[in-house]
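A short worksheet on the structure shown next.
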Amino acid sequence: MTIQWLGNSCFKIQTKSNGGETTILTDPYAAKCGLPKMKFAADIVVLSREDDELIGDLKDFKGTEQTPKPFIVKSPGEYELQGSFVYGLSHSAQEKNTLYVLSVEDMKIGFLGLLNKKELTASELESIEGVDILFVPISGEKTLTAADAARLVNQIEPRIVIPMCYKIPGLALPFDAPDRFVKEMGNHEEELDKLKISKKDLPPEETRLILLKP
C-alpha cells in the first residue's frame with residue numbers, strides 16, 4: 001500500500017487487491033484552500049463532511065479506467081468496494097463529521113476527518129482504537145489542537161500516526177504548524193514523500209510518527 005498526503009485532510013491511498021489496483025481519496029480539498037488544483041483520479045472518494053467549505057466540488061471529479069465514475073462514501077455505514085472495506089461512524093458530539101476505518105491489504109486505517117471535538121465516546125473509541133495507521137487533524141483551527149490530537153492518539157494507540165490539516169507552503173488557511181504536535185508526541189518524527197507499507201512493516205510496539213510531504 002502507498003499513502004500520499006496532498007494537503008489538508010486529503011490523502012491518496014493506492015492498494016492492490018483481486019489482481020488490480022484501487023485508488024482511494026479522502027476529503028478532496030476546495031480551491032479556496034490555495035493549494036494546487038487536484039488532478040488525481042480515484043475509484044473511491046471518502047468524505048468526512050459533505051457540505052464543509054474546505055471540501056472540494058466533486059461534480060467534475062474523474063474516475064479511473066476500471067471505475068469511470070468514482071464511488072462516493074459520505075455517510076455512516078459499512079461498504080465493501082473493490083476488495084476494500086469502509087466503515088463510517090457518525091461522531092455523536094459532531095453530527096456533520098464522519099469517522100472512518102478503512103480495511104485494506106490486511107491493515108486498518110483510521111481517518112478522523114475534520115474532527116474538532118476532543119472526546120470520543122466509549123463506543124466510538126472501541127470502533128477505532130488499535131487501528132494500524134491513524135490520520136489525525138492538528139490544525140487548531142476548525143479541528144483538534146495539537147494537545148488534544150496527541151491525547152487522542154495515546155487513547156487509540158495506532159502503530160503509525162500521520163498528522164493532517166496543518167500549515168504548509170501555499171495554504172490560504174490559518175492552520176498551526178506541526179511543531180507543537182511533534183513535541184507533544186515526543187519529538188521523534190520521520191519526514192517522507194510517501195509511505196509504502198505492508199503489514200509486516202508495521203512497528204511492533206511504539207507508535208511511529210510520520211510527517212508526509214505534500
Quiz item: Can you pull out the residues in segment 190-203 that are more than 18 Å from the chain's Cα centre (by Cα) and free of Cβ contacts under 8 Å to residues at least 40 places away in the same chain?
Solution: Lys200, Asp201
Exercise. Six or more apart or on different chains, Cβ under 7 Å: which pairs go from a residue in segment 8-28 that's free of Cβ contacts under 8 Å to residues at least 24 places away in the same chain to one that's acidic (Asp, Glu) and surrounded by fewer than 23 Cβ atoms within 10 Å (Cβ to Cβ)? Could you list them?
Key: Gln14/Glu21
Self-check item: Long-range neighbours under 8 Å by Cβ, at least six apart or interchain, first residue in contact (Cβ under 8 Å) with a residue 24 or more places away in the chain and closer than 16 Å to Trp5 by Cβ within segment 32-51, second charged (D, E, K, R) and not in a loop (DSSP other than H, G, I, E, B)
Solution: Phe40/Lys12; Ala42/Lys12
Self-check item: Any strands (runs of 3 or more DSSP E) falling wholly within segment 151-214 and containing at least 2 residues that are over 19 Å from Val131 (Cα atoms)
Solution: 189-192
Practice problem: Scan (1) out of contact with any Asp or Glu (no Cβ under 9 Å at 6 or more places or on another chain); (2) touching a residue at least 40 places away in the same chain (Cβ under 8 Å) for the single condition Lys142 breaks and write down its number. | Solution: (1)
Quiz item: Which condition number does Val104 fail, the rest of (1) crowded, with 18+ Cβ neighbours inside 10 Å; (2) under 15 Å from the mean Cα position of the chain (by Cα); (3) under 17 Å from Pro28 (Cβ atoms) being met?
Solution: (3)
Quiz item: Here are some residues: Glu50, Glu80, Glu65. Which one is under 16 Å from the mean Cα position of the chain (by Cα), of a type in the set (D, E, K, R) and exposed (fewer than 13 other Cβ atoms within 10 Å of the Cβ)?
Solution: Glu50
Exercise. Quick one: in segment 107-129, of everything that is more than 15 Å from the chain's Cα centre (by Cα) and outside any loop (DSSP other than H, G, I, E, B), which residue is farthest from Gln14 (Cα to Cα)?
Key: Ala122
Self-check item: All positions within segment 164-199 that are of a type in the set (Asp, Glu) and out of contact with any Gly (no Cβ under 8 Å at 6 or more places or on another chain)
Solution: Asp179, Glu184, Glu189, Glu190, Glu191, Asp193
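Bear in mind that the values in this text are calculations on the coordinates, not laboratory data. Since the model is a prediction, treat every value here as computed from it, not as a measurement. We place every Cβ from the backbone using ideal geometry, glycine too, and count neighbours over all the protein chains shown.
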